[in-house]
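*Asks:* The following block contains the structure, expressed as structure tokens.
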Amino acid sequence: MMALQLQDFAKRYTAAWCSHDAARVAEFFSPDGSLKVNDAPPAVGREAIAAVASDFVRTFPDLKVLMDGLSSEDGRTVYRWTLIGTYCDESGNGNHVHISGYEEWRISSDGLIGESLGHFDEAEYQRQLQGRELGAP
């Protein structure tokens with residue numbers, strides 16, 4: 001995929017996340033593509049990927065994803081992002097979350113994501129979900 005095509009692809013991927021339409025996010029993956037986030041088992045196939053996206057949309061009803069950058073490293077495309085939203089669990093705690101991370105993409109021959117390895121600071125994410133002050137236990 002050419003650099004301009006990849007940039008456009010990443011912008012549309014970002015818009016899909018912001019649309020809150022989990023199936024739309026999954027369409028950016030090959031039919032047998034996978035999404036792995038940190039140490040979680042990979043979600044394989046569009047249905048499983050849509051379920052992961054749906055969990056984020058449900059947990060953050062005001063979810064906004066920003067594309068922070070795009071680069072190529074070691075044959076992979078690195079998509080850098082920031083997630084902003086209000087956490088809404090069963091207790092309705094409403095803690096604000098602002099976390100950055102990145103995905104390492106392997107683009108398949110069909111021009112879609114064949115594999116995405118997602119990374120973000122899990123400890124910082126949990127701290128924000130729980131509303132703890134920085135440095136608090």
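*Asks:* Between HIS119 and THR86, how high is the FRET efficiency from 1/(1 + (r/R0)^6) when r is the Cβ-Cβ distance and R₀ = 30 Å? Nearest 0.05.
*Replies:* That pair, HIS119 with THR86, gives E of 0.85.
*Asks:* Now, a different point. Can you give the Kirkwood hydrodynamic radius for region 49-111, in Å, rounded to one decimal and based on Cα pairs?
*Replies:* 13.3 Å
*Asks:* Keeping all protein chains in the complex and leaving out DNA, RNA and ligands, what accessible area do you get for THR14 with a 1.4 Å probe, in Å² to the nearest 10?
*Replies:* Roll a 1.4 Å probe over it and THR14 shows about 20 Å².
*Asks:* Here's a follow-up. Provide the per-residue ³J(HN,Hα) series for region 99-112, in order, calculated from phi with Karplus coefficients 6.51, -1.76, 1.60 and θ = phi - 60°, each as a whole number of Hz, with x at glycine and proline positions.
*Replies:* Values per residue, Gly and Pro as x: 9, 10, x, 7, 10, 9, 9, 10, 7, 7, 5, 7, x, 10 Hz.
*Asks:* Another question about this same structure. Given +1 on the Cβ of Lys and Arg, -1 on the Cβ of Asp and Glu, and no further charges, what dipole in debye does the chain carry about its Cα centre, rounded to the nearest 20?
*Replies:* On the way: 12 positive and 21 negative charges, 57 e Å.
Around 280 debye, computed over the chain.
*Asks:* With a 1.4 Å probe and all protein chains kept in place, how do TYR125, TYR13, TYR102 rank by accessible area, largest first? Mind dumping the intermediate values first?
*Replies:* Working: TYR125 25, TYR13 0, TYR102 80 Å².
Sorted by accessible area, descending: TYR102, TYR125, TYR13.
*Asks:* Whole Å is fine, so just give me how far the alpha carbon centre of region 49-70 lies from that of region 103-124.
*Replies:* 14 Å
*Asks:* Please report, as a whole percent, how much of the solvent-accessible surface of the chain comes from carbon and sulfur atoms (probe radius 1.4 Å).
*Replies:* Details: 3920 of 7440 Å².
Roughly 53 percent, rounded to a whole number.
*Asks:* If I take all pairs of Cα atoms in region 1-59, what percentage of them are more than 15 Å from each other?
*Replies:* 51 percent
*Asks:* With r defined as the distance between the Cβ atoms of GLU27 and SER72 and R0 fixed at 25 Å, what FRET efficiency is calculated, to the nearest 0.05? Spell out each step's value before the answer.
*Replies:* Working: r = 23 Å, r/R0 = 0.92.
Here the calculated transfer efficiency is 0.65.
*Asks:* In the chain, which longest range has no GluC sites (Glu not before Pro) that are both DSSP loop (not H, G, I, E or B) and surrounded by at most 13 other Cβ atoms within 10 Å?
*Replies:* With GluC sites (Glu not before Pro) excluded where exposed in loops, the chain gives 1-89 as its longest stretch.
*Asks:* Return a whole-number percent for the relative contact order of the chain, with Cα pairs under 8 Å and 6 or more residues apart as the contact set.
*Replies:* 21 percent
*Asks:* Same structure, new question: Provide the descending list of Cα extents for the chain along its principal axes, expressed in whole angstroms.
*Replies:* 45, 28, 25
*Asks:* So how do HIS98, HIS119 rank on accessible area, 1.4 Å probe, biggest first, that is with the largest at the start?
*Replies:* HIS98, HIS119
*Asks:* Moving on to the next point. Using only DSSP helix segments of four residues or longer, with each worth -39500 (n - 2.57), what per-residue ellipticity at 222 nm results for the chain after dividing by its residue count and rounding to 500? Spell out each step's value before the answer.
*Replies:* Values: 4 runs with 45 residues, N = 137.
After summing the helix terms and dividing by residue count, I get -10000 deg cm²/dmol.
The values are calculated or read from the model by the stated rules, or taken from the named source; none is laboratory data. Predicted model, so just to flag it, every value in this text is computed and none were measured. Because the Cβ atoms are built from the backbone with ideal geometry, glycine has one as well, and the counts that use them run over all protein chains shown. To get the accessible areas, we keep the full protein, side chains included, count just its heavy atoms, and leave off ligands, DNA and RNA. Shrake-Rupley method; radii C 1.70, N 1.55, O 1.52, S 1.80 Å.
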